[in-house]
Amino acid sequence: MARSDLLLDLVRSGAEGDSATFRRVVQTLAADERAKRHDLLADRLESLLEQPAVDAVPLRNLNSPMAVEGVRESWPTSILNDLVLSEGVRASLDDFVEQQLRSDELRTHGLEPAGKLLLVGPPGCGKTSIAQAISNALTLPLYTVRYEALFSSYLGETLARLARLFDLARRDRCVLFFDELDTVAKERSDGQELGEIKRLVSSLLLFLDEAPTYSPVIAATNHPDLMDKAAWRRFSVRLRIEASSLSSLEMFFTNWRQRHGVDLGLASSTLAKAVVGSSYAEALDLAEAIARRVVLAGTSASPRTIAQAEVKRFQAAARAR
């Protein structure tokens, strides 16, 4: 059987009309098959490449994510092992991914995998990073909902765009990500909300009910108290992501150092104490700022001196906020 990475590259390059990558992947597949003594298949693959070339036309059409208002497509590379998570949250995320990867086994017993995940926590705690890591684990594109492009001054147009968004998830396997879900799933019992907002929330709930489990829906919110209770119940898996702590920040810097192999100049415990109370996103900003200066300085400056200067800059900026 062909390697899964080659098959993914083949489909992706064909969908995007990337003829150079498509040709390279087919050549690699042919070489693999010839090494297995599958000469007839290898010859056939090579002969197909010799046929007259035609203008490459991407398989994506006007219904692609690039043409659906309110969607940004990405292929994240982050992994769950990169994130600092509590044992319970990590176990729940691993289970969510496993159910998706082994959905065929579940369906043979009349069961569907968990397909809706709600992440609750303060800004910068890693909710978006979790969505990205799950997308990567499932080798599915991440379709992030962009509210500024989704909403229109006309309710009918907004609902039409929302419908197209979920149609996209039914047609193309993906991870559909709603950041700040409370923006669109507001509590309908709030007397200050307009009737149009209530109609929008009701429509969203219907779309969520009908969303296929093979395209997981992940949502994040900093304000669960603002969300409609019915929207909350639509998500079978609900996880609270905690804010950073001194110990988790120390682990964050240790993990970052191991992944990137760049000397951050100071011990992880020292860096953690310097940013305690900050989010993981802010800790990442500091780590990357130090790393950039260390790499560019080469041997002309001490990583420790660079780190101390960046920490002072970080703390001064924090006090100014």
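Derivation of every value follows stated rules applied to the coordinates shown; laboratory data play no part. Bear in mind that the values here come from a model prediction, so they are computed numbers and not experimental data. Using ideal geometry, Cβ is built from the backbone for each residue, glycine included, and neighbour counts are taken over all protein chains shown.
A few remarks follow.
- Translational diffusion coefficient (Stokes-Einstein; Kirkwood radius from C-alpha pairs) of the range 98-220 at 25 °C, 0.890 mPa s, in µm²/s: 158 µm²/s
- Fraction of the pair-distance distribution of the range 178-260 above 19 Å, Cα-Cα pairs, percent: 50 percent
- Taking every DSSP helix (H) stretch of at least 4 residues in the chain, weighting each as -39,500 (n - 2.57) and dividing the sum by the residue count yields a mean residue ellipticity at 222 nm of -17000 deg cm²/dmol.
- Phi-derived couplings, Karplus 6.51 cos²θ - 1.76 cosθ + 1.60 at θ = phi - 60°, listed residue by residue for the range 99-105: 4, 5, 5, 10, 4, 4, 5 Hz, with x used for Gly and Pro.
- With the highest mean first, a sort of the peptides 97-104, 268-275 on other beta-carbon atoms found within 10 angstrom per residue produces 268-275, 97-104.
- Projected area, mean over directions - the chain, Cα convex hull, nm²: 22.8 nm²
- Alpha carbon convex hull of the range 123-189, projected area averaged over orientations, nm²: 5.7 nm²
- Under 19 Å from the Cα of Lys273 - lysines, other chains or at least 8 residues apart: Lys312
- Shape category assigned to the range 62-149 from the gyration tensor of Cα positions, a/c cut at 1.5: oblate
- DSSP-defined beta bridges in the chain - what % are antiparallel, rounded to 5: 25 percent
- Only the Cβ atoms of Lys and Arg (+1) and of Asp and Glu (-1) were treated as charged; on that basis the dipole of the range 145-261 about its Cα centre amounts to roughly 420 debye.
- Put simply, the amide H of Arg238, placed in the peptide plane, has neighbours under 5 Å in Leu118, leaving out anything fewer than 5 places away on its chain.
- Thr108-Asp95 pseudo-label distance in nm [points 7 Å out on the Cα-to-Cβ vector]: 2.3 nm
- Under 25 Å from the Cα of Lys186 - lysines, other chains or at least 8 residues apart: Lys116, Lys127, Lys198, Lys229
- Estimated inter-spin distance, Ser74 and Ser302, nm [label 7 Å along Cα→Cβ]: 3.8 nm
- 3J(HN,Hα) along the range 207-224, derived from phi through the Karplus expression 6.51 cos²θ - 1.76 cosθ + 1.60 where θ = phi - 60°, amounts to 4, 5, 4, 8, 5, x, 6, 6, 10, x, 9, 10, 10, 9, 8, 8, 10, x Hz, with x in place of Gly and Pro.
- Once the C-beta distance of His38 and Thr139 is scaled by a Förster radius of 35 Å, the resulting FRET efficiency is 0.90 to the nearest 0.05.
- Between Arg146 and Glu196, the modelled label-to-label distance comes to 2.2 nm, taking each label 7 Å out from Cα in the direction of the beta carbon.
- Rg and Dmax of the range 241-310, both derived from C-alpha coordinates alone, stand at 11.6, 41 Å.
- Chain lengthening between Thr183 and Glu46 when straightened (0.36 nm per residue, less Cα-Cα): 44.1 nm
- Globularity index of the range 195-321, i.e. its alpha-carbon radius of gyration over 2.2 N^0.38 Å: 1.51
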